[in-house]
Structures are given as structure tokens and as C-alpha cells.
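To keep things clear, I will list the structure first and then write my remarks on it.
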Amino acid sequence: MIRPVKPVFVKPARVVTPQCCIEPDDNDRMRLWRQERYRQLRPDFDPQKCQRESVVEIDGKHYCGSHAGKVALNKWLSGDLVEKTTQQKGTAP
């Protein structure tokens with residue numbers, strides 16, 4: 001008799017998201033390398049932008065996890081983000 005010992009792992013379907021919108025500050029030599037290298041590796045992505053897929057949308061722009069953290073922190077420090085508190089049912093304000 002054959003009996004599975006551990007459950008079968010089913011890999012979830014991949015979610016495709018837009019490319020991160022940040023354009024790195026490169027010198028001319030690095031920019032040329034970036035164009036050649038990333039055009040070959042990921043032809044569907046713009047080689048002038050960050051090569052990661054986005055995970056967050058902030059103000060209509062898509063950011064990867066690294067760049068989204070920087071944008072959110074800058075917004076918090078400049079006062080553009082305000083802490084949102086939620087009130088639970090049955091509790092007084």
C-alpha cells in the first residue's frame with residue numbers, strides 16, 4: 001500500500017506586476033552597460049529603470065519593495081503620510 005507521508009505542495013501561480021518606475025542615477029558608462037546587459041536579460045523591461053517587479057503602488061506609480069520603502073519613509077518624514085487609526089465596534093472614541 002502506498003500512502004503519502006507529507007502533503008503535496010502546489011506552487012501558486014505567478015503574479016505578473018509592472019516594472020519598478022525608479023530610474024537609477026548612473027554615469028554614461030554604466031548607462032551603456034545597463035542598456036546592453038538588461039536588454040538581453042529582460043527584453044520586456046525598460047533597461048533604464050530598476051529591473052525588479054513592483055509590489056506596491058504609491059500615488060499611481062509602481063515600486064519594488066526597496067524603492068517603495070524609501071518613498072514611504074520620505075513621505076512620512078515630510079508629513080505627507082498621516083497615521084490612520086481604526087475604531088473597533090462597540091468601543092467608545
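The values are calculated or read from the model by the stated rules, or taken from the named source; none is laboratory data. All values derive from a computational prediction rather than experimental measurement. Note that we place each Cβ from the backbone using ideal geometry, even for glycine, and neighbour counts take in every protein chain shown. Just so you know, the surface numbers come from the protein's heavy atoms only, side chains and all, with ligands and any DNA or RNA stripped out. Shrake-Rupley method; radii C 1.70, N 1.55, O 1.52, S 1.80 Å.
Exactly one residue among Gln35, Gln48 is free of Cβ contacts under 8 Å to residues at least 40 places away in the same chain, part of a loop (DSSP other than H, G, I, E, B) and either touching an Asp or Glu at 6+ places or on another chain (Cβ under 8 Å) or polar (S, T, N, Q) (or both), and that residue is Gln48.
Lys70 - would you say it is part of a loop (DSSP other than H, G, I, E, B), of a type in the set (Lys, Arg) and open to solvent by 100 Å² or more (accessible area, probe 1.4 Å)? No, not satisfied.
Report yes if Val55 is open to solvent by 90 Å² or more (accessible area, probe 1.4 Å) and modelled with pLDDT under 90, otherwise no. No. Determine whether the stretch 16-24 contains at least one residue that is without any contact (Cβ under 8 Å) to a residue 12 or more places away in the chain and open to solvent by 50 Å² or more (accessible area, probe 1.4 Å). Within the stretch 16-24 (the criterion being without any contact (Cβ under 8 Å) to a residue 12 or more places away in the chain and open to solvent by 50 Å² or more (accessible area, probe 1.4 Å)), the answer is no, since none of the residues qualifies. Taking Asp44, is it at pLDDT 90 or above and loosely packed, with under 11 Cβ neighbours inside 10 Å? Yes. The C-beta contact set for the stretch 52-74 (first residue without any contact (Cβ under 8 Å) to a residue 40 or more places away in the chain, second residue assigned to a helix (DSSP H, G or I) and open to solvent by 60 Å² or more (accessible area, probe 1.4 Å), distance under 9 angstrom, 6+ apart or interchain) comprises Arg52/Ser66.
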